[in-house]
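So the structure is just underneath, and the comments pick up after that.
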Amino acid sequence: MAEPEAAPDDLDALIGDMDYLPGHFHLEMQLNFEPCSPAPLRARDLQLQREGARRELELATGPQRPAVQHLLGVFAFYLEELDEARERFLEVAREDPGNLNAWANLTHVYGRLGQEQEEEACAARLAGLMGLDENPEASGAEALRAARCLAEQGYAHGFDVGCASLQERARVLVAGLALYDKALGYGQQIPAEEKRGWYFTMATLFIRLDSIFLELGGEEQKRLPAFNRTLALLQQVLKASNPALAWCYLGMLLERKDTFSTTPMGIHDCGYSGTDPLDCFGKAIEIAKDRPLILNRLAKIFHFLGKQDMAIGTCNMALDVLGDPELNWQAYCTRAKVAYLHDLERAKAGLGGMPDRSHLAHAKADLEQVVRVCPGLRTYLDIGQVSSCLAWLAEGSPGTACGTEPAPKALTRVGAQLPRLPQPVGQGYAVMCGASKEAWCLSTC
């Protein structure tokens, strides 16, 4: 006689007893919750984050690529591009048939598509890999699978969409770090280089969290444990095969030591007491001098830190190595951001005159090179804003900015990428650029 099927209550109890649950669609991220913002704004934010994830895929090494592919699949799912989402998850499953998140995410996508047979097959495959069915796969790799599953989930928390406050963003980052800690508990046998990749992502999340605490004016005793741990993580990442970004992050942390009343003990414990932040930045540039993609990342960080001369110099180094706009569009975009923001922030703060037209013209020229070969939502937003500011300077009246030709052309392209946007071009531009600091004008990082 066949065994009776497990009752729903039994299944819920089984899931409740599990230490982790594969897949991305159950994670407590704003991405998975009912959106609070209007559909056009959410679509814009998803598009921008997806473009950021695609840039991450260019840099990702072998072990990290599945985490980025999962993220791209999730963004495609919420943009109603279900076939694209399915292909992203299938690609991960083909490259790593033991990837737990791939089968869990495919189960979710096939359920949305109404393909019950495929949904059940993926669920059965997942159960076998986790040892939950009658014939579990006896490979002895369950702990490694669990570790990588959790690390991929932790990675996704750095790309959440829709956080309404700094406190909410901090909560999401803390949740991502907790998943990485759990992954480390399972991942005793993870190769050292792969684990250093985890450490680097953890350091990234910790630095973002510290930035939030600084902005909120948090107590330094609340910041101190995470700050010291970030130093210890970077100390391990510096042993990686390409530690350029780790040196840059170390320089960032050392510059923040003055935000504490006394030098954090982690600086002494890790042997960085006499280390100059500028030396760290210099080492980062030297290590990455022949790698334009890494140089581009460094340039964006320098721009974010307000080191505009270093940002321009690093962009120029990247363009000397690879000047093709199609292959190295990020360098042109970052250089445009620096040129555009050269005078604008001072003008907005009342500390200087009007922005220099030559800086805006250089920014527009760089962006036009990019948009011809690598069009994207962020680039159209950028070139639209630059064109509007140029028109504002030419006409002497902000009311004419959206009436001149260059900006509406770029913004019409934005509308094509967001077909659900109901506003006319000028209003839609205000909605898209006014709703978040990152999307307004040119993003900082």
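Taken together, the values in this text are just the output of simple stated rules run on the coordinates, not laboratory data. Owing to the predicted nature of the structure, the values given are computational and were not obtained by experimental measurement. For neighbour counting, all protein chains shown are included, and Cβ atoms are generated from backbone atoms with ideal geometry for every residue, glycine included.
Key figures for this structure:
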| item | result |
| --- | --- |
| Residues that are farther than 17 Å from E87 by Cβ and part of a helix (DSSP H, G or I), drawn from the range 106-120 | E116, Q117, E120 |
| Single condition R208 does not satisfy, out of (1) within 21 Å of the chain's Cα centre (by Cα); (2) buried (at least 18 other Cβ atoms within 10 Å of the Cβ) | (2) |
| Identity of the residue in the range 272-284, assigned to a helix (DSSP H, G or I) and without any contact (Cβ under 8 Å) to a residue 40 or more places away in the chain, that ends up farthest from D320 (Cα to Cα) | P277 |
| The range 50-69, residues that are among the polar types (S, T, N, Q) and assigned to a helix (DSSP H, G or I) | Q64, Q69 |
| The range 213-261, residues that are of a type in the set (K, R) and either assigned to a loop (DSSP other than H, G, I, E, B) or surrounded by 22 or more Cβ atoms within 10 Å (Cβ to Cβ) (or both) | K239 |
| Scan of the range 309-342 for residues that are among the charged types (D, E, K, R) and within 24 Å of the chain's Cα centre (by Cα), ordered by number | E326, R335, K337 |
| Qualifying residue in the range 27-49 (condition: outside any helix (DSSP H, G or I), in contact with a His (Cβ under 8 Å, 6 or more places away or on another chain) and buried (at least 17 other Cβ atoms within 10 Å of the Cβ)) | yes |
